[in-house]
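In what follows, a structure is listed as structure tokens, so that the remarks can point back to it.
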Amino acid sequence: MKRFISGFVTASLLFGITALAASPQAANIFYNNIKIKVYGQEVDTEGNEPFILNDRTYVPARYVAEAMGGEVLWDGETNTVEIISASQAVVPNKLTSDGLEAKYSYSDEEYCVPFLSVLKKYDFPYVVSDDWKTITLYNADKSKSTSFSPQNIGETAIPYDEYENVILPFILSE
């Protein structure tokens with residue numbers, strides 16, 4: 001009989017603690033007309049107001065992620081929110097009219113042609129300015145030149161439109 005009572009008490013405690021842990025608990029949530037700004041622009045949360053709980057501010061992930069160019073996915077089977085930033089989104093490369101690959105630059109929000117690809121294809125002489133802000137491309141006998149300011153000197157990328165409308169016509173005029 002002692003074993004039965006002991007087992008009953010243990011089972012009751014286990015199920016009681018489990019039920020208590022799984023049951024909703026009261027919380028002090030504060031709504032204080034909280035605004036969200038992304039890049040200086042106020043985000044419309046469509047009535048899903050941010051709130052404060054235990055000295056932490058909670059904001060709706062979807063509106064913040066989308067305002068930053070990202071995407072929010074919901075997996076109902078695992079109760080998981082996945083945020084994909086704009087820089088993780090796959091943007092396919094674009095070909096220039098002479099067959100070079102232009103890659104999408106997230107920071108500049110446009111396609112850019114890597115300058116090294118141009119050099120490999122055409123082997124033109126060039127000079128980089130002392131301040132690394134301008135690159136001058138010369139024709140073979142250095143009688144003509146054109147200059148451009150790359151978007152990112154580390155990758156030395158030429159904006160796609162500038163490549164198609166300025167650099168490529170210069171190269172093809174040879």
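The values are calculated or read from the model by the stated rules, or taken from the named source; none is laboratory data. It should be emphasised that the depicted structure is a prediction, and the values quoted were computed from it without experimental measurement. With ideal geometry, Cβ positions are generated from the backbone for all residues, glycine too; neighbour counts draw on all protein chains shown.
Some values worked out for this structure:
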{"item": "Residues (at positive phi, touching a residue at least 12 places away in the same chain (Cβ under 8 Å) and under 19 Å from the mean Cα position of the chain (by Cα)) located in region 40-73", "result": "Gly69"}
{"item": "Gly70, sole failed condition from (1) farther than 30 Å from Tyr31 by Cβ; (2) at pLDDT below 80", "result": "(1)"}
